[in-house]
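Encoded as structure tokens, the structure appears first; notes follow it.
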Amino acid sequence: MNVWNAVSPLQKCDDTKPGKPGIEYADESWNPYTGCRNIENGNCNLGADCWAYSMAQRLKGRYGYDAEDPFKPTFHPDRLADPLKWRKPRRIAACFMGDIAYCPWEWLYRIKDTVSGLHEPYDKTIHRFYFLTKLPQGNVFKYRPWPENAWLGVSVSSHRDIWRIRQLKKTKARVKWVSFEPVEGPMGKLDLEGIDWVVIGAKTGRHKGAPRRKWVETIVATAAWEEIPIFIKPNLPGEWVLPYSDYPKFPSPEGSP
């Protein structure tokens, strides 16, 4: 069971409204860092389909993506200030057009500075930033402390990826979350103690398909036992999945509205 010991302004984000298509828990995408080192000949070395790689191929030669190798790790300093233009609190999918795990330190510092600069006192407008990786041993998880409005997460598709959750638990992030998307196999012995949020979804794109119902029910049951908020992506069959769309809740400071 999660216990929140500090007041947080993250409640200012409106979690009651739907997010953007494909990333329904986010309002905006922000990609000051794109690309990944784990792609060879168009295939992910981690054994997963990569929608970001496919998207980068369509954008090659445009919007800052290299014409020859659009998915090489790239820093886009011209995008750093974009969140400053958004005046209302937004839920932001940060660096989803790549894997930020091995983002060089000098780039990571500048990304973190933007996130930190938007972390104001509870009565001010702020944004929430979601970071997600398949490689939690990289720089992004070694860095500390991350500001409270940076939610750090790992992608887990089957029991082969469970080690990522163990690595995630070692971080000092205010919110630790797991994206079970796509669910591609059974999870085996799943320990979610210490995790703050769970997202579950199916495989999309060229090889789209629903996972087995039992695999999803195991994740839901484990998260519910730990009283972890669950967000179910709409790409799962609606007839056998409860429409969860929950987020971690934060207490309001005494005397505030």
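The values are calculated or read from the model by the stated rules, or taken from the named source; none is laboratory data. Note that the structure is predicted; figures quoted are calculated from it, not measured. Virtual Cβ from ideal backbone geometry, glycine too; neighbours counted across all protein chains shown.
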For the range 26-41, check the following and say yes or no: at least one residue is at pLDDT below 90, part of a loop (DSSP other than H, G, I, E, B), aliphatic (A, V, I, L, M) and over 17 Å from the mean Cα position of the chain (by Cα).
no
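Can you confirm whether residue 199 is surrounded by 17 or more Cβ atoms within 10 Å (Cβ to Cβ), over 27 Å from residue 55 (Cα atoms), touching a residue at least 12 places away in the same chain (Cβ under 8 Å) and not assigned by TED's automatic domain parsing to the domain that holds residue 113?
Values: surrounded by 17 or more Cβ atoms within 10 Å (Cβ to Cβ): yes; over 27 Å from residue 55 (Cα atoms): no; touching a residue at least 12 places away in the same chain (Cβ under 8 Å): yes; not assigned by TED's automatic domain parsing to the domain that holds residue 113: yes.
The answer is no for residue 199.
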Tally of residues being buried (at least 21 other Cβ atoms within 10 Å of the Cβ) and part of a strand (DSSP E or B) across the range 132-188
13
Note on the range 163-183: residues without any contact (Cβ under 8 Å) to a residue 60 or more places away in the chain and farther than 24 Å from residue 237 by Cα are 163, 164, 165, 166, 167, 168, 169, 170, 171, 172, 173, 176
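May I ask you to verify whether residue 214 is within 21 Å of residue 130 (Cβ to Cβ), out of contact with any Phe, Trp or Tyr (no Cβ under 8 Å at 6 or more places or on another chain) and either modelled with pLDDT of 90 or more or surrounded by 15 or more Cβ atoms within 10 Å (Cβ to Cβ) (or both)? Full working, then the answer.
Numbers: within 21 Å of residue 130 (Cβ to Cβ): no; out of contact with any Phe, Trp or Tyr (no Cβ under 8 Å at 6 or more places or on another chain): yes; either modelled with pLDDT of 90 or more or surrounded by 15 or more Cβ atoms within 10 Å (Cβ to Cβ) (or both): yes.
It is false that residue 214 is within 21 Å of residue 130 (Cβ to Cβ), out of contact with any Phe, Trp or Tyr (no Cβ under 8 Å at 6 or more places or on another chain) and either modelled with pLDDT of 90 or more or surrounded by 15 or more Cβ atoms within 10 Å (Cβ to Cβ) (or both).
Taking residue 66 as the residue in question, decide whether it is of a type in the set (D, E, K, R), in a loop (DSSP other than H, G, I, E, B), more than 21 Å from residue 208 (Cβ to Cβ) and at pLDDT below 90. Lay out the reasoning, then the answer.
On the way: of a type in the set (D, E, K, R): yes; in a loop (DSSP other than H, G, I, E, B): yes; more than 21 Å from residue 208 (Cβ to Cβ): yes; at pLDDT below 90: yes.
Against the criterion (of a type in the set (D, E, K, R), in a loop (DSSP other than H, G, I, E, B), more than 21 Å from residue 208 (Cβ to Cβ) and at pLDDT below 90), residue 66 qualifies.
Yes or no: residue 229 surrounded by 13 or more Cβ atoms within 10 Å (Cβ to Cβ) and at pLDDT below 90? Break it down stepwise before answering.
Numbers: surrounded by 13 or more Cβ atoms within 10 Å (Cβ to Cβ): yes; at pLDDT below 90: no.
The answer is no for residue 229.
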